[in-house]
1. Which whole-percent values make up P(r) of the stretch 260-335 when all C-alpha to C-alpha distances are grouped in 5 Å steps starting at zero?
2. What whole number of Å gives the distance from the Cα centroid of the stretch 379-433 to the Cα centroid of the stretch 93-150?
3. Quick check: residue separation of residue 343 and residue 74 times 0.36 nm, minus the Cα distance between them. What number comes out in nm?
4. Taking the beta-carbon count within 10 Å as an exposure proxy, list 150, 401 from fewest neighbours to most.
5. Starting with the fewest neighbours, write out 161, 245 ranked by other beta-carbon atoms found within 10 Å of each beta-carbon.
6. Does a label point 7 Å from the Cα of residue 303, set along Cα-to-beta-carbon, have any residues of the stretch 193-236 with amide nitrogen under 18 Å, and which are they?
7. With the crude spin-label approximation of a point 7 Å out along Cα→Cβ, what separation in nm comes out for residue 350 versus residue 209?
8. Tell me, in nm to one decimal, what length is gained between residue 237 and residue 431 on full extension, where the rule is 0.36 nm per residue of separation less the Cα-Cα distance?
């Protein structure tokens, strides 16, 4: 048993002083007794009986004296704040690693489970003779448990404890722990419960490593995302980022699937600590559930120690239905193009029917497709596609005189190697710009 408030010599002095005080009180204790006074002899006898008694007197209440002495010792012990067990005096700050590597398994037990068990044991020891704090060493270090003398506080602090999806910043966590020890104003130590140590870092407090495994090699899917292509309806683009957490060259087979449809399947080689990203395209108007996997992993002179980072998932939401009004006197090519649109609900209408449509009726559609039909000046719509309108918006101003090509976009792949100096334009239309 130890005492958190005082050292043993100080506590022994307090106990001796308390015992002496109890003894003095009993030595000075007076016990008057009723006396029959009839003459001077009785007065003298009464005076002798009222004097202080000594411990050797047979009529001293020994039981009451011992009980009083025991109560005084218990009060002194309570003032000393007793702690049971083999304690560590001063301030102890425990750095608990919460990086991705702490999720690896050995002999059916995860490193983080063993680490939390070690933290509980050290918290019990540290609170027996001092105060303890816990720093969580994740991707961003943070104080998990402030300085406390109650070991039960750790259970509340560990509720919902999870590992980060990345490496642990042990250096930053140790610096934070060193500041906590320094601010406490007394002696202290730093315990690092992790699978690796922090090299070449000076701290004012003593630093001790409590190992829960050894550093392991792994390659991981660091990020996997997918989004719709705004320029191609129904298409989506996926991007996957791979990262090597190994000191040796490694390789793996990267696979990306949309259900049972393969989007990417290739062999990837990574240098130590290197990263690389790959893109893949897919097509689906419905909701797409994508999965990226690393299989056939090979690490020179080692093996992949963490399987949880070899799989990642992404979701592409379904396309919102698009209400389209198609107005034409008959154009099979344009009708066929609209029919294959993945999320377009097309309603065909003749030019005569379109003339009687009001603004409220047209507002029901997301897009208006007008083939050789002008948009009435009295109507407006945010999305209109016009094909050769005879008048109104985008209507031609008449034939162009002596048309010729003045400039081309030479950087476009379709025009690579094409020369237009000898091209003669027979007919062209002019438009307002």
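Rule-based calculations on the coordinates, nothing more; no lab input. The structure displayed is predicted, hence computed values, not measured ones. Here the Cβ positions follow ideal geometry from the backbone for every residue, glycine too, while neighbour counts run over all protein chains shown.
1. Result returned by the calculation: 3, 8, 16, 17, 12, 10, 8, 7, 5, 4, 4, 3, 2, 1, 0.
2. 70
3. Details: separation 269, 0.36 × 269 = 96.84 nm, distance 8.25 nm.
Result: 88.6 nm gained on full extension.
4. Values: 150 11, 401 7.
So the ranking, lowest neighbour count to highest, is 401, 150.
5. Sorted ascending by nearby Cβ count, the order is 161, 245.
6. 213-220
7. If labels sit at residue 350 and residue 209, their model points lie 8.7 nm apart.
8. Value of the extension gain: 66.2 nm.
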